[in-house]
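J.: This is the structure I have questions about; it appears just below.
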Amino acid sequence: MHQFEVQTIFDGFRIGGHEIGFTNSALWMIVAMLCLGLFMLGGMRRSLIPGRWQMMVESFTGFIDGMVTTNIGPEGRKYAPYVFSLFMFILVANLVGMAPVGVIGLHPFTVTSHLTVTGILAIISFSIVLLVGFAKHGFKFLTLFVPDGTPVWLLWLIPPIEFFSFMVRPFSLALRLFVAMTAGHILLKVLAGFIINSTNAGVGYGLLVGIPSFTLMLGITALELLVAGVQAYVFALLTSLYINDAVHLHSHETIG
Amino acid sequence: MDPEAAKLIGAGLAAIGAGLASLGVGNVFAKFLEGALRNPGAADQEQGRLFIGFAAAELLGLLSFVIAIILIFVA
């Protein structure tokens with residue numbers, strides 16, 4: 001589908017036979033960063049009585065701060081900058097991908113609808129978990145795979161299962177975001193196809209199929225905006241849970 | 001059977017998984033609402049857990065979507 005194609009905007013250089021060019025994916029990542037930067041700059045005036053914009057930014061930082069504190073505890077606040085950057089980047093990238101700038105000829109590219117991008121984000125989260133875990137606990141970190149109170153006769157079964165559920169985390173993180181965004185955009189595309197094709201087939205079909213599809217599409221667009229927020233939230237929430245595992249070694253909430 | 005047809009049938013069967021995951025997601029929110037209406041005071045602190053359950057249930061539906069996409073476009 002055209003909206004998911006990565007196209008080179010101008011050629012860059014080559015490393016080992018791979019072409020490194022400036023693509024539309026890179027362009028829209030930069031657009032997301034610029035939007036995020038503008039949003040944050042407007043709110044960092046540090047006035048004692050916050051204005052509306054500062055209120056908006058502070059509610060986001062307070063939200064992430066609260067999430068990190070409830071999930072990791074007071075010592076988790078030092079991970080708040082990472083979780084905040086992750087949350088805001090995913091949220092803004094999702095929303096920029098939904099932006100209706102197509103009407104003025106700019107076709108937005110949803111960066112998070114590509115497994116390469118979400119995969120890298122998940123790998124960063126997973127590496128932080130590994131680094132924090134091994135730096136804090138050394139090889140005691142491996143006791144993560146043997147939860148407290150495991151019966152001796154189950155020692156052959158529980159560690160492999162725990163290990164598997166640990167190793168599958170980066171994949172589930174990356175796949176969830178990528179598939180949710182891709183599926184939403186395909187759904188919108190299919191509904192838009194219903195409207196265009198039925199209208200082309202004649203006025204009767206247009207009224208019978210096009211109008212209900214259009215109404216449904218309005219609802220689905222609202223749902224997609226919700227999904228953009230929920231997926232960013234879920235990504236940040238699961239990252240903070242995984243960091244909690246690394247910091248505290250099993251306060252057992254293992255979710256794939 | 002024609003392999004191309006088998007692929008498309010498999011992709012269609014994967015849609016059952018997506019539908020079942022929607023049951024799961026609905027169940028998560030229904031139970032949360034049920035609990036939250038009984039004890040509204042405790043509801044706000046449990047929102048994180050609500051979304052953990054939502055994410056776990058949703059993932060399986062998304063995986064069946066991935067299987068359908070792989071069957072149609074890659075395999």
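Since every read-out is calculated from the coordinates, none of them should be taken as a lab result. Everything numeric here is computed off the predicted structure, so don't read it as measured data. We place every Cβ from the backbone using ideal geometry, glycine too, and count neighbours over all the protein chains shown.
J.: Could you tell me which of B:Ala43, B:Val25, B:Ala56 has its Cα farthest along the dipole of chain B towards the positive end, charges placed at Cβ (Lys, Arg +1; Asp, Glu -1), taken about the Cα centre?
T.: Projecting each Cα onto the dipole axis, the largest value belongs to B:Ala43.
J.: Oh, and also: Within segment A:99-124, what residues put their amide N at less than 14 Å from the label point 7 Å along the Cα-to-Cβ vector of A:Cys35?
T.: What the label zone holds, given the 14 Å backbone N cut-off, is A:99-103, A:106-113.
J.: Taking only C-alpha pairs under 8 Å that are 6+ residues apart, what is the relative contact order of segment B:3-74 in percent? Numbers along the way, then the final one.
T.: Numbers: 49 pairs, mean separation 42.2, N = 72.
Value for segment B:3-74: 59 percent.
J.: Set the Förster distance to 25 Å, then compute FRET efficiency between A:Leu155 and A:Glu75 from the Cβ-Cβ distance, nearest 0.05.
T.: Details: r = 31 Å, r/R0 = 1.23.
So, using R0 = 25 Å, E works out to roughly 0.20.
J.: Something else about it: Percent of Cα-Cα pairs more than 19 Å apart in segment B:3-74, please.
T.: On the way: 1211 of 2556 pairs.
Distances greater than 19 Å cover 47 percent of the Cα pairs.
J.: Tell me, which longest segment in chain A has none of the trypsin sites (Lys or Arg not before Pro) that fall in DSSP loops with at most 16 further Cβ atoms within 10 Å? Before the final figure, lay out each step's value.
T.: Numbers: sites that count: A:Arg45, A:Arg46.
With a cap of 16 other Cβ atoms within 10 Å, the longest stretch comes to A:47-256.
J.: Roughly how big is segment A:27-174's charge dipole about its Cα centre, with Cβ charges of +1 (Lys, Arg) and -1 (Asp, Glu), in debye to the nearest 20?
T.: Result for segment A:27-174 is approximately 320 debye, rounded to the nearest 20.
J.: Given +1 on the Cβ of Lys and Arg, -1 on the Cβ of Asp and Glu, and no further charges, what dipole in debye does the protein assembly as shown carry about its Cα centre, rounded to the nearest 20? Walk me through the numbers before you get to the answer.
T.: Values: 15 positive and 17 negative charges, 107 e Å.
Here the protein assembly as shown has a charge dipole of around 520 debye.
J.: Counting pairs of Cα atoms in segment A:116-163, how many percent are more than 17 Å apart?
T.: Details: 570 of 1128 pairs.
The calculated P(r) of segment A:116-163 puts 51 percent of pairs beyond 17 Å.
J.: Rounded to the nearest 0.05, what FRET efficiency do B:Phe73 and A:Leu48 give with R0 = 56 Å and r taken as the Cβ-Cβ distance? Could you check? Spell out each step's value before the answer.
T.: Details: r = 56 Å, r/R0 = 1.00.
Efficiency computed from Cβ-Cβ geometry: 0.50.
J.: Let me ask you something else. Please work out the Cα center distance from segment A:1-41 to segment B:1-37, rounded to the nearest Å.
T.: First find each Cα centre; the distance between them is then 34 Å.
J.: Between A:Ala201 and A:Met55, with labels modelled 7 Å along Cα→Cβ, what's the label distance in nm to one decimal, could you check?
T.: In this crude spin-label approximation the distance works out to 5.0 nm.
J.: Can you tell me the FRET efficiency between A:Gln7 and A:His248 if r is taken as the Cβ-Cβ distance and R0 is 41 Å, rounded to the nearest 0.05?
T.: Details: r = 45 Å, r/R0 = 1.11.
Rounded to the nearest 0.05, the efficiency is 0.35.
J.: Residues of segment B:51-69 with the amide nitrogen closer than 14 Å to a label point 7 Å from the Cα of B:Leu23, along Cα-to-Cβ, please.
T.: Counting backbone N atoms under 14 Å from the label point, the list is B:61.
J.: Now for a different question. When the chain is fully extended, how far beyond the present Cα-Cα distance does B:Asn39 get from B:Ile16, taking 0.36 nm per residue of separation?
T.: Gain on stretching B:Asn39 to B:Ile16: 4.8 nm.
J.: Right, here's the next one. For the protein assembly as shown, count the residues as N, evaluate 2.2 N^0.38 Å, and divide the Cα radius of gyration by that value, please.
T.: Details: Rg = 22.4 Å, N = 331, 2.2 N^0.38 = 20.0 Å.
Taking the Cα Rg and dividing by 2.2 N^0.38 Å, one obtains 1.12.
J.: Please name whichever of A:Phe126, A:Leu155, A:Leu188 sits farthest to the positive end of the charge dipole of segment A:122-256, dipole taken about the Cα centre and charges placed at Cβ: Lys and Arg +1, Asp and Glu -1.
T.: Sorting the options by dipole projection puts first A:Leu188.
J.: Going by C-beta contacts inside 10 Å, put B:Ser64, A:Ser47, B:Ser22 in order with the fewest on the left.
T.: On the way: B:Ser64 20, A:Ser47 7, B:Ser22 13.
Ordered by Cβ neighbours within 10 Å, fewest first: A:Ser47, B:Ser22, B:Ser64.
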